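Report on the following structure.
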Amino acid sequence: MPGEIRSRCTVRTHPAGSIIHQKNMELDYFGIVAAGENRVINEFENGNVYMIEGNKAIDFIGEVTIMAGMPKTSVTIEAVTDNVAATSAAGMRSAGSRRT
């Protein structure tokens with residue numbers, strides 16, 4: 001990752017299987033997945049879970065929520081493989097992530 005981008009962001013790694021961002025949680029950052037693969041899933045009140053799409057790096061986190069002007073996300077993002085993501089603002093708050 002270029003040093004100029006790394007100095008302006010928080011860089012986090014997310015182990016495979018961890019939740020990068022949970023549905024209905026506030027989103028206070030924009031992220032770029034620099035390495036790895038994730039999936040976007042939606043959980044419904046009836047208990048059904050559907051995978052909406054799978055994404056490989058380079059991909060974005062939060063762009064749809066931000067462009068829609070919404071404070072909370074409508075989907076969950078899960079790491080399929082180990083992920084490295086650079087985030088703006090407060091950074092990732094997922095318990096499954098660690099700063100690198």
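Residue by residue through the stretch 68-76, which ³J(HN,Hα) values in whole Hz follow from phi under the Karplus form 6.51 cos²θ - 1.76 cosθ + 1.60 (θ = phi - 60°), with glycine and proline marked x?
Running phi through 6.51 cos²θ - 1.76 cosθ + 1.60 with θ = phi - 60° gives 7, x, 9, x, 10, 7, 9, 9, 9 Hz.
Ranking request for peptides 73-86, 14-27, 48-61: highest mean number of other beta-carbon atoms within 10 Å first, then the rest in descending order.
For the peptides 73-86, 14-27, 48-61, the packing ranking is 73-86, 14-27, 48-61.
Let's see if you can work this out: charge +1 on each Lys and Arg Cβ, -1 on each Asp and Glu Cβ, no other charges. What is the dipole magnitude of the stretch 3-94 about its Cα centre, in debye to the nearest 20?
220 debye
Could you tell me the convex hull volume per residue, in Å³, taken over the Cα atoms of the chain?
About 95 Å³ per residue, rounded to a whole number.
Based on the Cβ-Cβ distance from F60 to R8, what FRET efficiency comes out when R0 is 25 Å, to the nearest 0.05?
Taking R0 as 25 Å, the efficiency between F60 and R8 is 0.95.
Read-outs: derived from the displayed coordinates by stated rules, not from any lab. This one's a predicted model, so the numbers in the text were calculated from it and none came from an experiment. Counting neighbours? That spans all protein chains shown, and the Cβs are built from the backbone with ideal geometry, glycine included.
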